[in-house]
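Participant: Below: one structure in structure tokens.
Derivation of every value follows stated rules applied to the coordinates shown; laboratory data play no part. In this text, all values refer to a predicted model and were calculated from it rather than measured experimentally.
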Amino acid sequence: MLLIIAYGNSLRRDDGAGLLMAERLEQACQALGLMVKRISVHQLMPELAVDIADQAVRVAVFVDAQPAQPGDSPTLFPLAVEAASPSVGHHLTPAVLLLYAQQLYHHCPPAWQITVPGVDFDHGETLSQTARDSLSHASALAQQLAVLCR
């Protein structure tokens, strides 16, 4: 199973682009025959380590919007547990969640991050042209994820 964890705030314009990308990825991956579980949250929480550590999860992918330049494209890159250090603060990173899954549940699948470029994170519900254009990459990203899941 492919686990997609999207995080962002749909009321902060482009910050919601990761949530929309995750919806499109889920549909595209299912069309490719993958079993997918999608979780959408405003921010990463320690409880997500339980979902990540599920033995059925073959690959975990985190999807988030990041400030970028107009015209930038989404990026897919691997995450490593070793790069994380435990956090007790308010902000968790995907790498820290992977560490929690490994340390607490003794299972951590290969994990990847997709960053969706955004240029406007002000209050509002519409996406910038950069973020809208990025959503068109969902099908190609799904193809890459399908290879990673096999």
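Participant: For helix 17-31, what angle does its Cα long axis make with the longest principal axis of the chain, in degrees from 0 to 90 and rounded to 10?
Facilitator: Tilt of helix 17-31: around 70 degrees.
Participant: Given a 10 angstrom Cα cut-off, can you work out which residue in ASP64, ASP54, ASP15 is the most mobile in a GNM of the chain?
Facilitator: Maximum among the listed residues: ASP54.
Participant: Quick one: compute the contact order of the chain, relative version, from alpha carbon pairs under 8 angstrom and 6+ residues apart, as a percent.
Facilitator: The value is 35 percent.
Participant: Give me Rg/Rg_expected for region 2-149, where Rg uses Cα atoms only and Rg_expected = 2.2 N^0.38 Å with N residues.
Facilitator: This ratio for region 2-149 stands at 1.00.
Participant: Determine the relative contact order of region 1-47: mean sequence separation of Cα pairs under 8 Å and six or more apart, normalised by residue count, in whole percent.
Facilitator: 50
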